[in-house]
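Worksheet: one structure, shown below.
The values are calculated or read from the model by the stated rules, or taken from the named source; none is laboratory data. Nothing here was measured: the structure is a model prediction, and the numbers come from that model. Don't worry about glycine lacking a Cβ; one is built from the backbone with ideal geometry, like all the others, and counts go over all protein chains shown. In case anyone asks, the SASA skips ligands and DNA or RNA and just uses the protein heavy atoms, side chains included. Shrake-Rupley method; radii C 1.70, N 1.55, O 1.52, S 1.80 Å.
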Amino acid sequence: MPLPLPLSLSPSKVSSFTDCGLAFRFSAIDRLPEPPSVAATRGTLVHAALERLFCLDPHERSHARSLGCLDDAITDLRDHPEFSGLELDDAAEATFFEEARVLLEKYFRLEDPTAITPIGIELKLEVEVGGVRLRGIIDRLELDRDGELVVTDYKTGRAPGERQEQQRLAGVAFYSLLCERLFGRRPAKVQLLYLADPLAIISVPTDRSTRGVERKLAAIWTAVERACEREDFRPNPSRLCDWCGFKAYCPSFGGEIALADAFRVDRELSGAAPAQPVPA
Ligand code: SF4
């Protein structure tokens, strides 16, 4: 029986499909719950602190105020399952918050937030292109001094190597396409701010890059449709498996795909995701 198609594509889904078809299936089609990870939750926390910072008036966006924003974000995060599920002891919790504070401090080495004119923060965008629904969340959309659009994406992991950089820039082109279709204007610049390094990777979208991402998205969607039709999403073991939360379902690690099928059917029958933990 064919698998149901995912509802949409996003930069992370595109990246997931390119890295490992089976991990994409588990995440986007079976929608299996993933255990929280320290790196992802720390990223959530830093994004939340920066979101608060940019809600302040420009002259208030100081490093001292950013620490207050972080404290507020920590208060909100503490009771969230994404944090409580990490089950950190006191020492690990202190390290977790200190690392978030350091990332925030490094952010100030990349740019002066008082000079930024944001017009959207954590902006959820959705548009249909060539019959495919595209979704993305833009961390920050702003206007530069010439009134042109600039898209900014914060990254809390390390900057990528050369090969991964091309993949990251494909995500950048995705955001540019969303803006162009929704606002009728192509951003003058899309920037990835890698806070840990700290390093900014800047891309200037062009006709060529826009056409390239449209072609790539169409090709990926065709491949996803074919894989759903044939129920054929294959594992692609790599060093990324070290961070994969689906090993219990992955045949490359002795797991069973049938468990994922059962989870998806159960969810479809109940109309909601059942509270089922990932098997250890
Ligand atoms: S463990 Fe590796 S091969 Fe298996 S689904 Fe995850 S990423 Fe793919």
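Provide the per residue accessible area, probe 1.4 Å, for region 167-211, rounded to a whole number of square angstrom.
Values: 1960 Å² over 45 residues.
Heavy-atom accessible area per residue stands at 44 Å².
Just from its helices, what would the mean residue ellipticity at 222 nm be for the chain, if runs of 4 or more DSSP H residues each count -39500 (n - 2.57) and the sum is divided by every residue, rounded to the nearest 500 deg cm²/dmol? Each step should come with its number before you reach the end.
Details: 9 runs with 130 residues, N = 280.
My calculation for the chain gives -15000 deg cm²/dmol from helical runs alone.
For region 39-91, pairs of C-alpha atoms spaced more than 16 angstrom apart make up 43 percent of the total. Counting only lysines at least 8 places from Lys216 when in the same chain, those with an alpha carbon closer than 26 Å to its own are Lys13, Lys124, Lys155, Lys189. The longest stretch of the chain left intact once loop-based GluC sites (Glu not before Pro) with at most 13 other Cβ atoms within 10 Å are removed from consideration, loops following DSSP, is 1-86.
Within the accessible surface of region 1-159, defined with a 1.4 Å probe on protein heavy atoms only, the carbon and sulfur portion equals 51 percent.
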